[in-house]
Every structure is written in structure tokens, then in C-alpha cells.
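Each remark here refers to the structure printed beneath this line.
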């Protein structure tokens, strides 16, 4: 299993539009992508303009395919047109750490 964790910074202006686009992306991912185990966005409790991302994928191939899907285009546009910034992202194989 592949696990991703990350943080996005969104600008205060256009916040509602950005959150709606992320909601749409989440729904489209669940509906259209193979191998998605978890796909979540959450608002930081101390900074409403920080969005935490958590994903689990059954294979690297399915994660890579997700990145090429058409429903990712609005996210790419948010980064380019609305100033959504990727603060950080990490990816690891769950098998490397084991499960508790």
C-alpha cells in the first residue's frame, strides 16, 4: 500500500470555490479511480487556509494513473490560476513501516 500525506495552502480569497473544487475532486476520485483506499482533505484546526491531504493507494500504478485522470485537471488549474500552493507532500510504502 502507498500512503501519501501532505499540506496545501489556499488563499483566503476564493476559498469557497477552492474547497468546492477539492470536494468535487474527492468525489470524482472515489467514483473513477481504481485502487483508492483513502482519499481525504481536512481543514487545519488552527489555520483555515491550510488543507491536509491523506491518501492510500493499493499500488504505485494506480496512484500514477490517478495523476493522469481528467478529473485532476481542475486541481492543476487551482494551483496555476488560484494560487493553491503545495506546502509539502510525502509518499511511502506502508509495508516499510509495518502496521500497528
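Each value in this text was obtained by applying a stated rule to the coordinates, not by laboratory testing. No experiment lies behind these values; they were computed from the predicted model shown. All Cβ positions, glycine included, derive from the backbone under ideal geometry; neighbour counts span all protein chains shown.
A single member of 55, 95 is surrounded by fewer than 12 Cβ atoms within 10 Å (Cβ to Cβ) and either more than 12 Å from the chain's Cα centre (by Cα) or not in a helix (DSSP H, G or I) (or both), and it is 95. Under the condition of being under 21 Å from residue 20 (Cβ atoms) and surrounded by 13 or more Cβ atoms within 10 Å (Cβ to Cβ), the residues counted in the range 33-42 number 4.
Of all residues assigned to the range 3-10, none qualifies as being closer than 16 Å to residue 79 by Cα, assigned to a helix (DSSP H, G or I) and out of contact with any helix residue (DSSP H, G or I) (no Cβ under 8 Å at 6 or more places or on another chain).
Test residue 16 against the criterion of being out of contact with any strand residue (DSSP E or B) (no Cβ under 9 Å at 6 or more places or on another chain), free of Cβ contacts under 8 Å to residues at least 12 places away in the same chain and either part of a loop (DSSP other than H, G, I, E, B) or surrounded by 11 or more Cβ atoms within 10 Å (Cβ to Cβ) (or both), and give yes or no. Judged against the criteria, residue 16 is not a match.
Among the residues of the range 34-55, which ones are in contact with a strand residue (DSSP E or B) (Cβ under 8 Å, 6 or more places away or on another chain) and free of Cβ contacts under 8 Å to residues at least 40 places away in the same chain? Let's see the steps before the verdict.
Just the residues of the range 34-55 that are in contact with a strand residue (DSSP E or B) (Cβ under 8 Å, 6 or more places away or on another chain), to begin with: 35-44, 49-55.
Passing the criteria: 35, 36, 37, 38, 39, 40, 41, 42, 43, 44.
Selection over the range 61-82 of residues that are exposed (fewer than 13 other Cβ atoms within 10 Å of the Cβ), under 15 Å from residue 36 (Cβ atoms) and more than 12 Å from the chain's Cα centre (by Cα) gives a count of 3. Taken as a whole, the condition of being under 18 Å from residue 7 (Cα atoms) and in a helix (DSSP H, G or I) does not apply to residue 38.
Of the set (1) under 13 Å from residue 9 (Cα atoms); (2) not in a helix (DSSP H, G or I), all apply to residue 78 but (2).
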